[in-house]
Amino acid sequence: MSLHRSIVARLLLAAALALPLAALAARQDEAEKIAFPSVVCKGEPTICDKLTAVGYLFARPGQKAAVLISHGSQGIDARMYDYVDALQKEGLAALVLDHWSPRGIGVTHDDYGAAARRGGNEFNMSIDSLLAAEFLRARGFEKVGSIGESQGGAAAIMLQQKWAHAVIERNVNRLYNRSFKVQPIDAVVGMYGYCGLRNALRDGYVGTPFLFITGEKDDETPSKYCERYVSWMNERGGNASIVVLEGEGHSFDAPYRRQRNINGPHPANCDLLVDQRGVTNLLTGETMPGQNTQPMMQKCTARGGYHSGWWKDRFIAVPHWTGFFRKHLQP
C-alpha cells in the first residue's frame, strides 16, 4: 500500500472512531459530571500518586443499580452512549468513565508501552472502576456492575484479580490516609478484550459473575484465548462464562464498519504463560526468565493486518449483556 493510501486510511479510521465534538458534548451535557479520588500508577520504576478521576453519570431518581462503562484504547466514543441508552431502557443508571483525559492521554493504541508508562493501562483502569464503584455506593446505589470494551474488556479481567485488589488497597490507604477495602463489582462484562496472558504464580479471582463476549473471527484479540480463560478463571475462584458471536470480529459494536487496520499494534501472536520457568509464548515456545511480561509482549506484538468494526448488526451483543445485568443487578 502506498504511503498516501496508508495516511488516508488512518485518517478515515480516526474520523470514524470519535463522535463529532458537538455531539459528544451534547451527550455529556445530559449527564452529571462527577469527580472522585483515584490513583495513577506510572513510570519506570512505577510510582503511584493521587489522581482526580472523572466520569459522566446518567441516573434517574429512585434507581438503585448502576453500571460503570469503560472505553477502549481510543477513549470515549459513540458506543459508550449506545451502552448508556441500552442500560437506561433496563432501568439502570450508567457512569461513563474517562480513564485517559485525567492522565493526559489521548489514545493508547499507537504505542501501548508508552501509554502504560503514563498510566494508560488496564491496571489503572481497574483502579478508577473500583473507586468509582465506592463513589456510587456512597450515593445510595445498592448494586454496581461494569462493562468494558477492548482495552476496557481486558481491564474487566483485572477488576476480578485478588492481587490487584491488594495493591490498590495499599496505595489508596497510603495516599489518602484512610482505610479502604475493595468491594468487588457485583457483575462484570468484558467485551473483545485480550485474554492471552495467564500467570500461574499470581492469578486468583473473586467469585462475582463475569461474562466474556467475544467475536468468533476476532484476529486482534482472539476469542480462543478468552474461551480458554473461562476455565482458568473458574479454577482460581472465578465465576465466568462466555458468549462467542458467530462471524463477528473485533469491535463488533464500534461506530464504523468492519475494516482492515494496517498500522496498529495488536497482541494476537502473544499467548503468554507465566510460571516457574519464566514467561513463555506458547505459540513459539520461547521462554524468558522472570515474571516481567513486557519484554515478551514487545517481541510478539504485531502491527497491522487485523480487522475491526461492525459487520451485520452493531447491537448484536446488547441482548446478551443487558440480560446478564438484568439477572445480577435487578431485584
Within segment 290-331, tally of residues that are closer than 30 Å to A133 by Cβ and not polar (S, T, N, Q) = 18
Being touching a helix residue (DSSP H, G or I) at 6+ places or on another chain (Cβ under 9 Å) and surrounded by fewer than 21 Cβ atoms within 10 Å (Cβ to Cβ) is the filter; apply it to segment 77-90 and report the residue that is modelled with the lowest pLDDT.
-> A78
Just to be sure, is P319 under 20 Å from the mean Cα position of the chain (by Cα) and within 17 Å of S150 (Cα to Cα)?
-> no
Qualifying residue in segment 135-152 (condition: closer than 30 Å to L283 by Cα, touching a Pro at 6+ places or on another chain (Cβ under 7 Å) and buried (at least 18 other Cβ atoms within 10 Å of the Cβ)) = no
Quick one: in segment 34-72, which of the residues that are basic (K, R) and outside any strand (DSSP E or B) is farthest from V84 (Cα to Cα)?
-> K64
Taking the options S241, S231, name whichever one is out of contact with any Gly (no Cβ under 8 Å at 6 or more places or on another chain) and not in a helix (DSSP H, G or I).
-> S241
Output the number of the condition that D110 fails; it satisfies all remaining conditions of (1) free of Cβ contacts under 8 Å to residues at least 60 places away in the same chain; (2) within 24 Å of F252 (Cα to Cα); (3) in a loop (DSSP other than H, G, I, E, B).
-> (1)
In segment 173-207, residues that are hydroxyl-bearing (S, T, Y) and surrounded by fewer than 19 Cβ atoms within 10 Å (Cβ to Cβ) total 2
Are any residues in segment 126-155 closer than 21 Å to Y225 by Cα and free of Cβ contacts under 8 Å to residues at least 60 places away in the same chain, and if so, which ones?
-> S126
Strands (runs of 3 or more DSSP E) completely within segment 248-331 that count 1 or more residues being touching a residue at least 24 places away in the same chain (Cβ under 8 Å), surrounded by fewer than 16 Cβ atoms within 10 Å (Cβ to Cβ) and out of contact with any helix residue (DSSP H, G or I) (no Cβ under 7 Å at 6 or more places or on another chain) | 259-261, 272-275
Every residue from segment 59-76 that is over 14 Å from the mean Cα position of the chain (by Cα) and surrounded by fewer than 22 Cβ atoms within 10 Å (Cβ to Cβ) | A59, R60, P61, G62, Q63, K64
Go through segment 179-228 residue by residue and tally those that are touching a strand residue (DSSP E or B) at 6+ places or on another chain (Cβ under 7 Å) and aromatic (F, W, Y).
-> 4
Residue count, segment 175-222, condition without any contact (Cβ under 8 Å) to a residue 24 or more places away in the chain and of a type in the set (K, R), comes to 2
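The values are calculated or read from the model by the stated rules, or taken from the named source; none is laboratory data. Here the structure is a predicted model, which is why all the values come from computation and not from measurement. Cβ atoms come from the backbone with ideal geometry, glycine included; neighbour counts cover every protein chain shown.
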